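Here the structure comes first, spelled out in structure tokens, and everything after it is commentary.
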There are 2 protein chains.
Amino acid sequence: MNDFPGSAPASAIGALLADLGDIPVVTDASVVRKRSRDFFWYSPILNEALAGKSADLIATPRDEADVIRVAAACARHRVPLTVRAGGTGNYGQAVPLHGGVLLDITALSAIEWTRPGAIRVGVGAMMNAIDAQTQPSGWELRMHPSTKRTATIGGFVAGGSGGIGSITYGGLREAGNILAARVVTLEEQPRVIELRGDAAQKVNRAYGTTGIITALEMPLAPAWTWIEMVVVFDDFLDAAQFGYEAALSDGIVKKLLSPVAWPIPSYFGALKQYCPEGKSVLIAMVAEPSVESFRTLLGDRGEITFAAPADDSTGRVPLYEYTWNHTTLQVLKAGRSVTYLQCLYPHDRLIESVRQMQEMFPDEVLPHLEFIRFGGRVTCSGLPVVRYRDADRLNEIIALHEENDVFIANPHVYTVEDGSRYKRADADQLGFKHEVDPYGLLNPGKMRSFVPVAD
Amino acid sequence: MNDFPGSAPASAIGALLADLGDIPVVTDASVVRKRSRDFFWYSPILNEALAGKSADLIATPRDEADVIRVAAACARHRVPLTVRAGGTGNYGQAVPLHGGVLLDITALSAIEWTRPGAIRVGVGAMMNAIDAQTQPSGWELRMHPSTKRTATIGGFVAGGSGGIGSITYGGLREAGNILAARVVTLEEQPRVIELRGDAAQKVNRAYGTTGIITALEMPLAPAWTWIEMVVVFDDFLDAAQFGYEAALSDGIVKKLLSPVAWPIPSYFGALKQYCPEGKSVLIAMVAEPSVESFRTLLGDRGEITFAAPADDSTGRVPLYEYTWNHTTLQVLKAGRSVTYLQCLYPHDRLIESVRQMQEMFPDEVLPHLEFIRFGGRVTCSGLPVVRYRDADRLNEIIALHEENDVFIANPHVYTVEDGSRYKRADADQLGFKHEVDPYGLLNPGKMRSFVPVAD
């Protein structure tokens, strides 16, 4: 735990409110408490640890000038500030541990410009709004989380790591996947800093502890007509093996390859009709001109039970909402007796390692893989569904994975250091935090290793 | 060697000519001999082995119906037929070993259709003409040889393997990189066969021995604005190491990464001004929005001496004409005392392996690498420039590479089996040849393992 001295006194909050002037605020405690949550309840451990945590008020800046005013006021009165957008995180990224201001940046959603292959956009822009705007001219974001329809680009960069699209482009931590970030410092005289190239990694998955992002420059990918498919297999390892071959096929353009073991598909609601009893499935998104090659590669190893052009416009449920951490959500809808892990399998003995983990925890850790590129190699991120017994057993399962070279980015802790593991950006985030947040007021308690020098 | 009984008698040629009717033919021996050559002279061994080989006549079909008439006539009179297009191959792919008809298919160059991500085109279409046609609507071929400005799509598929673009898509042998091929059989009643999906691999790098391709369906890639660059390094291994990191960076969109050791760049003609004395270079093509990330990744390890948008329209010399086998050509322009090899380095100890080969043959085998994806892994194809002593020493160098797990696709032999090695398509080409060429008349002698059953 961080040694942050505790929440701001009521007097500081009052003085701060006075400083905010006409910036819209919400002080209704029940609304503030509700907005101070995210999807941390996927973890029974975090559900307990973060229960009752709440900001004192919500401030909703209308533009970057407002952000600067809030930042200055928080610095002046030593009030914590936690940035919040869609609130779709799973580790309490947006949950204030020590009260203060919850900064809702969703109004900063303007597109500054688009060029072929790049976009510059306000931090609060919704990811599906970005795609809807850019797709008609042939472009889209390279990757997005399964929460794309409710998530913002800033929340993804500050609290995510990769997702649908990472099978082609790797994660946000790879060079070129964040082109630039503009941040406001938490100082009495806030500065605005442009971070370009690998410097932008200083805000990647830092949970908003290293400056308030106001704008992002992101690379765009060609927007293919994606065909989403359900492929069913008798055996989970067959799904994994085929997914691996498809992942390695650089001639097949794809955005998603997600093998999911039975009985997880039995929880798949509307999709269940395409998931026969007892079968494991692979959910895929393949570019339309590559579908024939994908089918040829599949041969008679599995059966395609569903294939249609992807459509995530209003009123449609895209298949990616059965993948990544939405897979877990589908099972959680039936009850909170399960939770999940985040794994990275070794790329050089991938399928053996998957088999080994499957055999080690039969009926307890249900396999769910996501093929990704990581450091230029094809491997799997795993988000297995875990039948939850207690924290001790969960930690034992984690230790057994790590002993077998399956790394765990623990989603049952809320600090950047403990939770990020292989998802951690390669940048001096701690050093940068000293520059931009000398009083340690940005989402305090989340960067465990940070101790403020200033007072 | 193939046990083909030898060239067709003059009487057969005469009867065949009569059957060709109004199909344009050339019988002038000096013209026919000239067109019966390709760039096999890169190899001193092939230069000797293939000296004086010539067709008896050139036939130039105007359409597929003409191709069928020529094929029927060749079958009827048992006259060999060798397909020839741009003649840019390096292993005598288009050199008739046993005379007969040289089939010039360059008139079959019409684009049948284009769709987002795919094109169907006549076999003789020039690759740069295809790109010129598709680039305005945002598409281009996924990959091309360094001879793109004179090569046809059919020649590339029948005699090539990969090239500029293979760092992203792998080679032609990867699933999805040839969508379909239409072939005419060499029978008295020729059939027209559509090969789709992996069946299209039956004509890949078969040197025209497995049917006469008349049309190809090829995948298209997004046409980026490519920035071509020369990056210079003090040490060749630094160029290789940086190229490897860039190759592994899935967030950086690229088409070419070619480390070339000094003194090879001293032969680079117009490009020499950007290649300082004693420095090794890396030639790169990077998508415009990824250039900043590429520069960030480079840091101060190397210096970019040239950067400009790629332009291979008439009158311009694109940087890729200093890469792949054009690198060798640049050195050969100064004299025929050198030749080259084609290597595949092991992906799991790539840089060590490159270092090992460099140290094994100092000043004799000058390193030149091309980063590619091969089976989903980043590795290098090597086309080192070899100071040629004699065939024995060359074979010794080949053996020493193979003993150290560096595979050689020997460019000093002219058969599919001996020359293709790791470039070989994964398809039953021999079995298919029995179906489409029962008399063994298609480019006889090139598929060594084929023995005709029919008479």
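Within the stretch A:234-244, if we keep just the residues that are in a helix (DSSP H, G or I) and surrounded by fewer than 24 Cβ atoms within 10 Å (Cβ to Cβ), the residue that is nearest to the other protein chains (Cβ to nearest Cβ) turns out to be A:Tyr244. Residues that are in contact with a His (Cβ under 6 Å, 6 or more places away or on another chain) and either in contact (Cβ under 8 Å) with a residue 40 or more places away in the chain or not basic (Lys, Arg) (or both) within the stretch A:374-384 comprise A:Thr379, A:Leu383, A:Pro384, listed in sequence order. Residues in the stretch A:271-298 that are part of a strand (DSSP E or B) and either in contact with a His (Cβ under 8 Å, 6 or more places away or on another chain) or under 29 Å from B:Ile119 (Cβ atoms) (or both): A:Ala284, A:Met285, A:Val286, A:Ala287.
The lone criterion from (1) more than 23 Å from the chain's Cα centre (by Cα); (2) among the charged types (D, E, K, R); (3) more than 14 Å from chain B (Cβ to nearest Cβ) left unmet by A:Glu228 is number (1).
Of the residues making up the stretch B:211-221, none is surrounded by 24 or more Cβ atoms within 10 Å (Cβ to Cβ), charged (D, E, K, R) and more than 23 Å from B:Arg421 (Cα to Cα). Take B:Thr415 and decide whether it is over 24 Å from B:Lys333 (Cα atoms), within 14 Å of another protein chain (Cβ to nearest Cβ) and hydroxyl-bearing (Ser, Thr, Tyr). Spelling it out, it is not the case that B:Thr415 is over 24 Å from B:Lys333 (Cα atoms), within 14 Å of another protein chain (Cβ to nearest Cβ) and hydroxyl-bearing (Ser, Thr, Tyr).
Residue-by-condition table, conditions (1) in contact (Cβ under 8 Å) with a residue 60 or more places away in the chain; (2) surrounded by fewer than 19 Cβ atoms within 10 Å (Cβ to Cβ); (3) under 22 Å from B:Ala59 (Cα atoms):
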| position | (1), (2), (3) |
| --- | --- |
| B:Thr106 | no, no, yes |
| B:Ser109 | no, yes, yes |
| B:Thr114 | yes, yes, no |
| B:Gly122 | yes, no, yes |
| B:Ala125 | no, no, yes |
| B:Ala129 | no, yes, no |
| B:Leu141 | yes, no, no |
| B:Thr147 | yes, no, no |
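Being over 29 Å from A:Gln135 (Cβ atoms), modelled with pLDDT under 95 and not basic (Lys, Arg) narrows it down to one residue among B:Gly163, B:Gly159, B:Gly155; which is it? Just one listed residue meets the conditions, B:Gly159.
In the set (1) farther than 20 Å from A:Val183 by Cα; (2) in contact (Cβ under 8 Å) with a residue 60 or more places away in the chain; (3) within 27 Å of the chain's Cα centre (by Cα), A:Ile68 fails one condition alone, (1).
Would the stretch A:229-247 turn up any residue that is among the acidic types (Asp, Glu) and closer than 30 Å to A:Arg115 by Cα? No, the stretch A:229-247 has no match at all.
The set of residues from the stretch B:30-65 being of a type in the set (A, V, I, L, M), assigned to a loop (DSSP other than H, G, I, E, B) and in contact (Cβ under 8 Å) with a residue 24 or more places away in the chain comprises B:Leu50, B:Ala55. Would you please name the residue that is nearest to B:Thr296 (Cα to Cα), looking only at residues in the stretch A:443-455 that are touching a Phe, Trp or Tyr at 6+ places or on another chain (Cβ under 9 Å) and buried (at least 18 other Cβ atoms within 10 Å of the Cβ)? The selected residue is A:Met447.
In the stretch B:29-63, which residues are of a type in the set (Asp, Glu) and either buried (at least 18 other Cβ atoms within 10 Å of the Cβ) or under 24 Å from the mean Cα position of the chain (by Cα) (or both)?
Matches in the stretch B:29-63: B:Asp38, B:Glu48, B:Asp56.
When A:Val378, A:Val451 are screened for being outside any helix (DSSP H, G or I), among the β-branched types (Val, Ile, Thr) and at pLDDT below 95, only A:Val451 passes. Within the stretch B:120-164, if we keep just the residues that are in a helix (DSSP H, G or I) and aliphatic (A, V, I, L, M), the residue that is farthest from the chain's Cα centre (by Cα) turns out to be B:Ala132. Here A:Asp363 passes the criteria (1) surrounded by fewer than 24 Cβ atoms within 10 Å (Cβ to Cβ); (2) acidic (Asp, Glu); (3) at pLDDT 95 or above except the one numbered (3).
Every condition in (1) away from chain A (no Cβ under 14 Å); (2) part of a helix (DSSP H, G or I) is met by B:Gly86 except one, and the failing one is (2). One residue stands out in the stretch A:245-288 among those that are of a type outside the set (Val, Ile, Thr) and in contact with a Pro (Cβ under 6 Å, 6 or more places away or on another chain): the one that is nearest to the other protein chains (Cβ to nearest Cβ), namely A:Leu282.
Residue pairs whose Cβ atoms lie under 7 Å apart, separated by 6 or more positions or on different chains, with the first residue in the stretch A:395-422 and touching a residue at least 60 places away in the same chain (Cβ under 8 Å) and the second acidic (Asp, Glu), are A:Ile408/A:Glu402; A:Asn410/A:Asp418.
Criterion first (assigned to a helix (DSSP H, G or I) and in contact (Cβ under 8 Å) with a residue 12 or more places away in the chain) does A:Ala221 satisfy it?
Here the answer is no, as A:Ala221 does not meet what is asked.
Filtered by the rule that a residue be assigned to a helix (DSSP H, G or I), touching a residue at least 12 places away in the same chain (Cβ under 8 Å) and more than 14 Å from every other protein chain (Cβ to nearest Cβ), the stretch A:346-373 gives A:Ser353, A:Val354, A:Arg355, A:Gln356, A:Met357, A:Gln358, A:Met360. Filtering B:Gly176, B:Gly170, B:Gly197 for residues that are within 9 Å of another protein chain (Cβ to nearest Cβ), free of Cβ contacts under 8 Å to residues at least 60 places away in the same chain, out of contact with any His (no Cβ under 8 Å at 6 or more places or on another chain) and surrounded by 23 or more Cβ atoms within 10 Å (Cβ to Cβ) leaves a single hit, B:Gly176.
Residues of the stretch A:338-348 that are surrounded by fewer than 22 Cβ atoms within 10 Å (Cβ to Cβ), touching a helix residue (DSSP H, G or I) at 6+ places or on another chain (Cβ under 9 Å) and more than 14 Å from A:Glu403 (Cβ to Cβ): A:Val338, A:Leu344, A:Asp348.
The values are calculated or read from the model by the stated rules, or taken from the named source; none is laboratory data. Model, not experiment: these values are computed from the prediction. FYI the Cβ positions are ideal-geometry reconstructions off the backbone, even for glycines, and counts take in every protein chain you see.
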